[in-house]
1. So, residue 98, is that one within 13 Å of the ligand (Cβ to nearest atom), more than 21 Å from residue 182 (Cα to Cα), at pLDDT 95 or above and touching a strand residue (DSSP E or B) at 6+ places or on another chain (Cβ under 6 Å) or not?
2. Based on what the data block shows, is residue 90 under 14 Å from the mean Cα position of the chain (by Cα), under 19 Å from residue 157 (Cβ atoms), within 16 Å of the ligand (Cβ to nearest atom) and touching a residue at least 40 places away in the same chain (Cβ under 8 Å)?
3. Which members of segment 37-46 meet the condition of being surrounded by fewer than 21 Cβ atoms within 10 Å (Cβ to Cβ) and either in contact with a strand residue (DSSP E or B) (Cβ under 7 Å, 6 or more places away or on another chain) or part of a loop (DSSP other than H, G, I, E, B) (or both)?
4. Within segment 11-34, does at least one residue satisfy the condition of being over 15 Å from residue 182 (Cβ atoms), in contact with a strand residue (DSSP E or B) (Cβ under 7 Å, 6 or more places away or on another chain) and in contact (Cβ under 8 Å) with a residue 40 or more places away in the chain?
5. When the residues of segment 59-86 are narrowed to those that are more than 16 Å from the ligand (Cβ to nearest atom) and farther than 23 Å from residue 191 by Cα, which ends up surrounded by the most Cβ atoms within 10 Å (Cβ to Cβ)?
6. For segment 133-184, which residues satisfy the criterion of being touching a helix residue (DSSP H, G or I) at 6+ places or on another chain (Cβ under 7 Å), more than 15 Å from the ligand (Cβ to nearest atom) and touching a residue at least 40 places away in the same chain (Cβ under 8 Å)?
Ligand code: GLN
């Protein structure tokens, strides 16, 4: 069966593992190229995108992750993970690079600093009628959406959830609120792409 990984360099790794296991997925932590090679899909957690970027280079997984994304591996990024998945980062640190793959520009800390963290009930029609209770923590927003990218949700006119093929990104953290539907959608991509 399919196995999914959570990139475990920094950030809210445990929360993602808990949601994926609650959905019945086989989950492993990914810190090395060999661990990456053993998974059919990857979650990029929330945390600090510049730190995850730096550690990914230190651990030698940045280029392998870029190659797997180019090969069509399903990826779900939340918050810092969305920043890492974007083709372009606005307001990033000068040396900060994304993995890329998702044809969007993402602005870091688009809603202000830590004090501006907030929660919202979001309509996400692609997930059904029940709104998503979304937690935003120093959250990014998507400022440019490429042609092949579908907007799944917005808040105050800002795009906060997107999907492009098997790449899924949210500016908020479903993994901290007991929301399972985004991870279920990611796992469906994994099953489809891996033929499981
Ligand atoms: N502001 C953080 C960053 O730029 C993201 C915050 C988060 O993941 N909750 O990486």
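1. On the way: within 13 Å of the ligand (Cβ to nearest atom): yes; more than 21 Å from residue 182 (Cα to Cα): yes; at pLDDT 95 or above: yes; touching a strand residue (DSSP E or B) at 6+ places or on another chain (Cβ under 6 Å): yes.
Here the answer is yes, as residue 98 does meet what is asked.
2. Taking the combined requirement at face value, the residue does not satisfy it.
3. From segment 37-46, those surrounded by fewer than 21 Cβ atoms within 10 Å (Cβ to Cβ) are 37-38; that's our starting set.
Selection gives 38 alone.
4. Taking every residue of segment 11-34 in turn, none turns out to be over 15 Å from residue 182 (Cβ atoms), in contact with a strand residue (DSSP E or B) (Cβ under 7 Å, 6 or more places away or on another chain) and in contact (Cβ under 8 Å) with a residue 40 or more places away in the chain.
5. Filtering segment 59-86 for residues more than 16 Å from the ligand (Cβ to nearest atom) gives 59-61, 63-74.
Then keep just the ones that are farther than 23 Å from residue 191 by Cα; that gives 59-61, 63.
On the way: 59: 18, 60: 12, 61: 23, 63: 12.
In this case the residue turns out to be 61.
6. Once the filter is applied, which keeps residues that are touching a helix residue (DSSP H, G or I) at 6+ places or on another chain (Cβ under 7 Å), more than 15 Å from the ligand (Cβ to nearest atom) and touching a residue at least 40 places away in the same chain (Cβ under 8 Å), segment 133-184 yields 166, 167, 168, 180, 181, 183.
The values are calculated or read from the model by the stated rules, or taken from the named source; none is laboratory data. Model, not experiment: these values are computed from the prediction. Glycine gets a Cβ as well: all are built from the backbone with ideal geometry, and neighbour counts include every protein chain shown.
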